[in-house]
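These notes are about the structure you will find just below.
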Amino acid sequence: MRVVVLTGAGISAESGVPTFRDADGLWEGHRVEDVATPEAYEAQPSVVQRFYDERRAALDGVEPNAAHQALARLEEALGDDLYLVTQNIDDLHERGGSQRVHHMHGRLRTALCRACRGRSEVHHPLLEFPPCPRCGVPELRPDVVWFGEVPYEMDTIIAELQRCDLFVSVGTSGAVYPAAGFVQYARQHGARTLELNLVPSEGTYFFDEARHGPASRLVPDWVDELT
Ligand code: BV8
């Protein structure tokens, strides 16, 4: 059985990583539109760099939870029949044991060079505008997909949605596209669909089944059922 799992901020909530919507639209004190767009970066690069530097630094203080670990167990059981795609830019799936994680909105721990387009692991706050390790130009930005930018790996994601038997969405509000549309796409191609979320998401009616509660309980229970 081929399974696609999409995760959002809700899977990392119990690890202590703030979600976007539970903070009343304010995200670490910022309005999302003010920091997660290319225009914001052009207008006030230091504000945006600081926003991501702070979230990156906060990663050292959090641990993966039982939901991340359960998905790593699922990967062991299903191998290549599991395609895990996350909207999250944290590294908790990897630290929870998952080997193949597809970050459609990028990763906090990677920098993207605006000069050579090369990617590199971040070892210094980007607010200091360190030189790109590949080309030396001090033009490193966070390697994240902002509003108005194209998510990563969309072709592969679409192909996986077309051929999966089961699509499971974990911890996402269903507010941001194209991720929010994945459930409909999977359904159109014959997949069964399951939502695991604290509360009904904006797209909950598109799912064949929806279970509501904390991911740290729902995800391990579901993985135990499946395996
Ligand atoms: C694109 C990275 C073209 C950066 C992010 C008008 C209509 C429709 C669409 C648009 C429109 N105007 C503009 C658009 C497009 C736009 C969009 O959708 N805007 C929205 C606001 C309407 N989208 C884009 O611009 C995207 N690009 O469309 O390009 C394209 C399209 C298709 C193909 C090719 C090209 C790019 C969007 C990416 C933006 N970057 N993140 C960063 O992190 O800083 S978005 C960010 O918010 C996340 O990545 C995620 O995608 C999104 C939503 O966050 P969630 O993960 O869902 O978190 P949230 O807080 O919202 O919800 C948490 C959920 O967890 C809640 O339901 C809660 O109940 C639950 N929960 C809480 N605790 C727990 C829990 N669940 C379980 N257990 C718990 N303990």
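A few comments on the model shown:
- Qualifying residues in the range 76-106 (those that are acidic (Asp, Glu) and surrounded by fewer than 22 Cβ atoms within 10 Å (Cβ to Cβ)) - the one nearest to the ligand (Cβ to nearest atom): Asp91
- The condition (being outside the structural domain of Ala9 (by TED's automatic domain parsing), in contact with a helix residue (DSSP H, G or I) (Cβ under 8 Å, 6 or more places away or on another chain) and surrounded by 14 or more Cβ atoms within 10 Å (Cβ to Cβ)) is satisfied by just one residue among Leu196, Leu140, Leu112: Leu140.
- Just one of (1) closer than 29 Å to His30 by Cα; (2) assigned by TED's automatic domain parsing to the domain that holds Leu218; (3) hydroxyl-bearing (Ser, Thr, Tyr) fails for Ser46. It is (2).
- Residue satisfying condition, being touching a helix residue (DSSP H, G or I) at 6+ places or on another chain (Cβ under 9 Å), more than 7 Å from the ligand (Cβ to nearest atom) and either of a type in the set (Lys, Arg) or outside any loop (DSSP other than H, G, I, E, B) (or both), within set Ala159, Ala186: Ala186
- Applying the set (1) closer than 17 Å to Val85 by Cα; (2) at pLDDT 95 or above to Ala175 leaves exactly one unmet item: (2).
- You will find that of Glu33, Glu63, Glu39, the residue that is of a type in the set (D, E, K, R), away from the ligand (no atom under 11 Å from the Cβ) and in a helix (DSSP H, G or I) is Glu39 and no other.
- Of the residues examined, Gly79 is not one that is outside any helix (DSSP H, G or I), over 23 Å from Val183 (Cβ atoms) and in the same structural domain as Thr227 (by TED's automatic domain parsing).
- Per the conditions (1) under 28 Å from Val32 (Cα atoms); (2) of a type outside the set (D, E, K, R); (3) within 8 Å of the ligand (Cβ to nearest atom), the sole criterion not satisfied by His212 is (3).
- Looking only at the range 162-183, and only at residues there that are more than 10 Å from the ligand (Cβ to nearest atom) and hydrophobic (A, V, I, L, M, F, W, C), the one that is surrounded by the fewest Cβ atoms within 10 Å (Cβ to Cβ): Leu166
- Unmet requirement for Val4, which otherwise passes all of (1) assigned to a helix (DSSP H, G or I); (2) crowded, with 22+ Cβ neighbours inside 10 Å; (3) not acidic (Asp, Glu): (1)
- Test: residue in the range 72-80 that is in contact with a helix residue (DSSP H, G or I) (Cβ under 9 Å, 6 or more places away or on another chain), closer than 21 Å to Trp146 by Cβ and not polar (S, T, N, Q): no
- Hits in the range 42-60 (condition: within 14 Å of the ligand (Cβ to nearest atom) and out of contact with any helix residue (DSSP H, G or I) (no Cβ under 6 Å at 6 or more places or on another chain)): Val47, Tyr52, Glu54, Arg55, Arg56, Ala58, Leu59
The values are calculated or read from the model by the stated rules, or taken from the named source; none is laboratory data. Fair warning: this is a prediction, and the values are worked out from it, not measured in the lab. Note: ideal-geometry Cβ built from the backbone for every residue, glycine included; neighbour counts use all protein chains shown.
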